[in-house]
Amino acid sequence: MKRRCASLLGLWILCSGGCEPEKPPAPTRPQAAPATAEAGETGAAVLPADAKDAVLTFAGDRGQFKDTGKPADVPEEARGLVRVTLLQGPQPPDGTVWAANLKTPEADGSWKLSTVPRAQFEELALGLGRSSAVELPPGLEAPVVAPREADVIVYKTEWCGVCKQVQSYLDKKGVKYVAKDIEKDQTAAGELRAKAKEKGVQTGSVPVIDVRGELMVGFNRARLEQLL
């Protein structure tokens, strides 16, 4: 009995001097994930020189877009603004598309990508008139003094998507204008030819917007704002 008490007493002394309450193990902290570039940053995505796993969309003829997988297939006049769809790679922020200027490659032959609002891509790509080529009928002459029906006249064609955008833009702003189809109305075509000759403006694409005698080929929103 004494031996048992002595053993218990020794155990009590040992624990009272060196034993500590048991603590639960500290939770393991997860390691931070490596930082990655945001998809919306300019230059965060790159189109490789061989354009592997990418679709290039550029302004084609008569208001139509065309797709290709080869940068060399994009015409020189359309290379300044090309939509790039990466089949494997970062996606642009919602409401935007990747775009590249194929005229300015990097040293390694690749192209930096930047974002363009999706709703404005067609306006920007086609608005310069590149894809809205149209030939005016030859041998037409406008009246010497053509009456001005409105401060703004839009010379257009039925198939021109950018022409529709111009009209929608003017409608939303409440601007009164007259739209003339130069393929259906030879008088309008001759009128445009005479105005362009007088102003020294090269025609051959639509839309052409006449704002109180100032002609603008294509749809440049900033300049149109100034003219209005």
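The values are calculated or read from the model by the stated rules, or taken from the named source; none is laboratory data. Predicted model, so just to flag it, every value in this text is computed and none were measured. With ideal geometry, Cβ positions are generated from the backbone for all residues, glycine too; neighbour counts draw on all protein chains shown. Note: areas computed on protein heavy atoms with side chains; ligands, DNA, RNA excluded. Shrake-Rupley method; radii C 1.70, N 1.55, O 1.52, S 1.80 Å.
Show me, for the stretch 101-114, the HN-Hα J-couplings you get by feeding each phi into the Karplus relation (A = 6.51, B = -1.76, C = 1.60, θ = phi - 60°), rounded to Hz, glycine and proline as x.
9, 6, 7, 10, x, 7, 4, 8, x, 7, 10, 6, 10, 10
Per the 1.4 Å probe, what fraction of the accessible area of the stretch 177-228, in percent, lies on carbon and sulfur atoms? Let's see the in-between values first.
Details: 1100 of 2660 Å².
It is 42 percent, rounded to a whole number.
Take the residue pairs LYS112/LYS172; LYS66/LYS195; LYS66/LYS103; LYS66/LYS164 and return only those whose Cα atoms are more than 26 Å apart. Before the final figure, lay out each step's value.
Numbers: LYS112/LYS172 35 Å; LYS66/LYS195 32 Å; LYS66/LYS103 18 Å; LYS66/LYS164 20 Å.
Beyond 26 Å between Cα atoms: LYS112/LYS172; LYS66/LYS195.
HN-Hα J couplings of the stretch 69-81 from phi, Karplus 6.51/-1.76/1.60, θ = phi - 60°, integer Hz, Gly and Pro as x?
Couplings: x, 10, x, 5, 7, 7, x, 4, 6, 10, 6, x, 9 Hz.
At 1.4 Å probe radius, can you tell me the per residue accessible area of the stretch 56-109 in Å²?
Values: 2980 Å² over 54 residues.
About 55 Å² of surface per residue is accessible.
Mind listing which trypsin sites (Lys or Arg not before Pro) in the stretch 159-228 are in a DSSP loop and have 11 or fewer other Cβ atoms within 10 Å? Don't skip to the end; give the middle numbers.
Working: sites: LYS164, LYS172, LYS173, LYS176, LYS180, LYS184, ARG193, LYS195, LYS197, LYS199, ARG212, ARG221, ARG223; in loops: LYS176, LYS184, ARG212.
Counting only loop positions with at most 11 other Cβ atoms within 10 Å, the trypsin sites (Lys or Arg not before Pro) in the stretch 159-228 are LYS176, LYS184, ARG212.
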